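What follows is one structure encoded as structure tokens, with my remarks underneath.
The values are calculated or read from the model by the stated rules, or taken from the named source; none is laboratory data. Every value quoted in this text rests on a predicted model; they were computed, and no experiment measured them. Heads up, the Cβs are rebuilt from the backbone with ideal geometry, glycines too, and the neighbour counts pull from every protein chain shown.
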Amino acid sequence: MPEQPEDLFTKSPTAAAEAREQARTYRSIFAGPILHFDDGTSMELPPHPNLRMFDEDILAAYDELLFDVETNCDRSPDVWISEQKVKDSDGNEITLPATLRKGELIIPLRKTVAGKTELVKPPHEVRLVQTILGDKQYRLLRSKTVDGRKAGANDVWRSWNERGEALMERRDADPKSVDGAVDSASVPAADSA
């Protein structure tokens, strides 16, 4: 796992909360989604974990969870990729060095300790939501219902995924984006005097 850079001394201790508030104020796609319950109440969820917009204690717990998975969960065997000779876009032959690709995590996640393999419980997706929401919010989530069924981690993931899809749709529709719906015209050459 790559080492995280040091924060600047000028960073506010509540920077993540301030960023979430600004996203909420301006109705940004990066604001946490709202999960609505059958009883009329709702819960504002944090933004998707990949955005890392958490308060410091939650971010530390999230990193610890990721580190645990990376270092302790079972993987498929590593794959050795031999040296390869390929041609670049100009037709020049180049040599790609041999590499060792680390095996993929085996899903569902499991750990082998002293020769005994056991599933990770609760499942990783649930552990991640528990870590991000915290115990109190997770218990509140589980005490509610959505569409007549008990609310859970799957509702949080669904909300995060819907927000991600909305972000991709927004990017695709933005003509200024590389993937936008309109081709960007070439910038005309500068006038010379």
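Search region 117-166 for residues being among the charged types (D, E, K, R) and buried (at least 16 other Cβ atoms within 10 Å of the Cβ), and hand back the single one that is farthest from ARG75 (Cα to Cα).
LYS144
May I ask you to list pairs of residues, at least six apart or on different chains, whose Cβ atoms are under 6 Å apart, with the first in region 41-63 being free of Cβ contacts under 8 Å to residues at least 12 places away in the same chain and the second being surrounded by 13 or more Cβ atoms within 10 Å (Cβ to Cβ)?
So the pair list comes out as SER42/HIS36.
Could you give every pair whose Cβ atoms fall below 8 Å, whose first residue belongs to region 1-17 and is at pLDDT 65 or above, and whose second residue is aliphatic (A, V, I, L, M) and assigned to a loop (DSSP other than H, G, I, E, B), counting only separations of at least 6 or pairs across chains?
Short answer, once both residue conditions are applied: ALA16/MET53.
Would you tally the residues in region 82-103 being loosely packed, with under 11 Cβ neighbours inside 10 Å and either of a type in the set (D, E, K, R) or assigned to a strand (DSSP E or B) (or both)?
Total satisfying the criteria: 11.
For region 122-147, which positions are at positive phi and more than 22 Å from the chain's Cα centre (by Cα)?
Passing the criteria: only ASP147.
Here are some conditions: (1) out of contact with any Gly (no Cβ under 9 Å at 6 or more places or on another chain); (2) surrounded by 11 or more Cβ atoms within 10 Å (Cβ to Cβ); (3) among the hydrophobic types (A, V, I, L, M, F, W, C). ALA114 meets all but one. Which one does it not meet?
In the conditions (1) out of contact with any Gly (no Cβ under 9 Å at 6 or more places or on another chain); (2) surrounded by 11 or more Cβ atoms within 10 Å (Cβ to Cβ); (3) among the hydrophobic types (A, V, I, L, M, F, W, C), ALA114 misses (2) alone.
For region 158-178, what are the residues that are basic (Lys, Arg), farther than 22 Å from VAL129 by Cβ and part of a helix (DSSP H, G or I)?
Selection gives ARG170, ARG171.
Looking for something under 24 Å from ASN50 (Cβ atoms), out of contact with any Cys (no Cβ under 9 Å at 6 or more places or on another chain) and among the hydroxyl-bearing types (Ser, Thr, Tyr) - is there at least one such residue anywhere in region 110-133?
Yes, the conditions are met somewhere in region 110-133.
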